[in-house]
Amino acid sequence: MKIAVIGRGNVGGGLADLWERAGHEVRRIGREGGDVSDAEVVLVAVPGGTIAEALDNVGGIEGKTVIDATNLVGVEPPEDFSSNAEYVKSRTNAPTAKSFNINFASLYDRLGEAGSTPSNLWCGDEEARQVVEQLTRDAGYEPVYAGPLENASVQENFLKLIIGISQGGLGPFLYRMAPPDQL
Ligand SMILES: NC(=O)c1ccc[n+]([C@@H]2O[C@H](COP(=O)([O-])OP(=O)(O)OC[C@H]3O[C@@H](n4cnc5c(N)ncnc54)[C@H](OP(=O)(O)O)[C@@H]3O)[C@@H](O)[C@H]2O)c1
């Protein structure tokens, strides 16, 4: 699959590496922007508060299936939107999924150590299902569908619970997934 990744950090760079190992062709785009006309799917993995600016710098994104992996840490989604994912869809008018925002990039290289295949939540449009579920499996996760795109704000806010559970010392399972200093 031809994939464009916007944001070359822990998530964008890490997933790009995993997908390349799985045989996909990945174009990595940073804050300088670029063109995604050739891509079959676009991953957005920039700091949550920069999503509008990041999309402004990318050409050819309208009509593209997008997977939005951003989280909103200390910031709100763009005005009039309840989630970044719904904002993305307003810019693309195309199939959109919220995914990869609840897994820790620091563990991408350790997925093979898990006793069973780790899950990766996604919510979003049915038209995005095939692509997001294939890319989830190709990254080493099992996809778990979490409902339509209207659930994206809940999935974005879910991160607060994960951090709360981990910092509260109540989550031995989470500690096994990621040491607290890597959250
Ligand atoms: N880290 C995790 O475990 C994790 C897990 C799930 C979701 N997330 C979410 O995923 C997103 C990315 O996280 P990350 O850990 O990968 O962050 P990161 O390592 O800081 O990488 C962010 C990337 O976005 C780029 N960027 C910043 N502003 C941009 C813009 N306006 N246009 C294009 N690119 C821009 C940065 O470019 P420069 O290199 O030039 O600064 C950097 O390459 C965040 O929303 C985060 O909350 C993180």
Once the piece of chain linking Ile165 and Val75 is laid out straight, how much longer is it, given 0.36 nm per residue of separation minus the C-alpha distance between them?
-> 30.3 nm
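Looking at the chain from every direction and averaging, what is the projected area of its Cα convex hull in nm²?
On the way: hull surface 38.4 nm².
The directionally averaged projection comes out at 9.6 nm².
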Where is the GNM fluctuation largest for the chain (alpha-carbon springs, 10 angstrom cutoff): Ile165, Ile67, Ile29?
-> Ile165
Could you give the angle, 0 to 90 degrees to the nearest 10, between helix 129-139's Cα long axis and the longest principal axis of the Cα atoms of the chain?
-> 50 degrees
Relative to the first principal axis of the alpha-carbon coordinates of the chain, what is the inclination of helix 152-167, with its axis defined by its Cα atoms, in degrees from 0 to 90 and to the nearest 10?
-> 30 degrees
Taking the chain as a Gaussian network, Cα atoms linked when under 10 Å apart, which of Gly169, Gly34, Gly115 shows the biggest mean-square fluctuation?
-> Gly115
On full extension of the chain, what length is gained from Glu62 through Met1, given 0.36 nm per residue of separation minus the C-alpha to C-alpha distance?
-> 20.1 nm
Thinking of segment 1-67 as a set of Cα atoms, what percent of all their pairs are more than 19 Å apart?
-> 21 percent
Residues meeting the amide H criterion for Cys123 (H placed from the backbone, H to H distance under 5 Å, 5 or more places apart or on another chain) are Lys98, Ala146
Measure nothing fancy, just the Cα-based angle from helix 10-21's long axis to the longest principal axis of the chain, in degrees from 0 to 90, nearest 10.
-> 80 degrees
What distance in nm separates the simple spin-label points at Ser116 and Asn93, each placed 7 Å from Cα in the Cβ direction?
-> 4.4 nm
Counting helices only, and only those DSSP H runs with n ≥ 4, report the 222 nm mean residue ellipticity of the chain as the sum of -39,500 (n - 2.57) divided by its residues, in deg cm²/dmol to the nearest 500.
-> -9500 deg cm²/dmol
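Quick note: the coordinates plus some simple rules give every number you see, no bench work behind them. Note that the coordinates shown come from a computational prediction; the quantities given were computed from them, not determined experimentally. Counting neighbours? That spans all protein chains shown, and the Cβs are built from the backbone with ideal geometry, glycine included.
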